[in-house]
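Presented below is the structure to which this report refers.
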Amino acid sequence: MKQCTHADALPHPEPGPLSETCPECLAEGMDPVQLRLCLSCGHVGCCDSSPGRHAAGHHKESGHPVMRTHEPGETWRWCFVDHVLV
């Protein structure tokens with residue numbers, strides 16, 4: 001089973017969210033679907049089910065590897081680089 005090679009390098013404590021919703025969606029007049037929090041810097045972006053796919057776009061621009069869900073009651077994390085749940 002493939003493991004995430006980036007989780008151990010994440011900051012502790014994890015960064016707080018820089019916004020309450022996806023700022024790119026707001027700027028583009030779109031409604032975000034399922035928010036994600038970058039665990040390197042706190043950027044909040046929408047998931048791949050949103051038209052903008054801003055969480056994935058943030059990873060592509062920044063290289064930040066791991067995000068977690070920013071939805072109430074959910075705790076899972078995803079590594080974009082290793083393509084695995086963390």
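No lab work stands behind these numbers, since they all come straight from the coordinates. Only a predicted model underlies this, so the values are computations on that prediction, with no experimental measurement involved. Cβ atoms come from the backbone with ideal geometry, glycine included; neighbour counts cover every protein chain shown.
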>> Where the second residue is of a type in the set (Lys, Arg) and surrounded by 15 or more Cβ atoms within 10 Å (Cβ to Cβ) and the first is under 14 Å from residue 52 (Cβ atoms) and lies in the stretch 8-33, which pairs have Cβ atoms under 9 Å and are six or more apart or on separate chains?
In response: 22/36
>> Would you confirm whether or not the stretch 37-56 contains a residue that is within 15 Å of residue 20 (Cα to Cα), of a type in the set (Asp, Glu) and without any contact (Cβ under 8 Å) to a residue 40 or more places away in the chain?
In response: no
>> I'd like the full set of residues that are crowded, with 16+ Cβ neighbours inside 10 Å and under 17 Å from residue 81 (Cα atoms), limited to the stretch 1-42.
In response: 4, 6, 10, 36, 37, 38, 39, 40
> For the stretch 42-77, how many residues are within 13 Å of residue 6 (Cβ to Cβ) and in contact with a helix residue (DSSP H, G or I) (Cβ under 9 Å, 6 or more places away or on another chain)?
Replying inline: 5
>> Could you list, ordered by first residue, the pairs with Cβ atoms under 8 Å in which the first is in the stretch 59-72 and touching a residue at least 40 places away in the same chain (Cβ under 8 Å) and the second is surrounded by 17 or more Cβ atoms within 10 Å (Cβ to Cβ) and part of a helix (DSSP H, G or I), at least 6 apart or interchain?
In response: 65/59
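State the number of residues belonging to the stretch 55-86 that are among the β-branched types (Val, Ile, Thr) and within 11 Å of the chain's Cα centre (by Cα).
Of the residues in that region, 2 qualify.
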>> Quick check on this structure: which one of 59, 54 is surrounded by 19 or more Cβ atoms within 10 Å (Cβ to Cβ), farther than 20 Å from residue 85 by Cβ and not charged (D, E, K, R)?
In response: 54
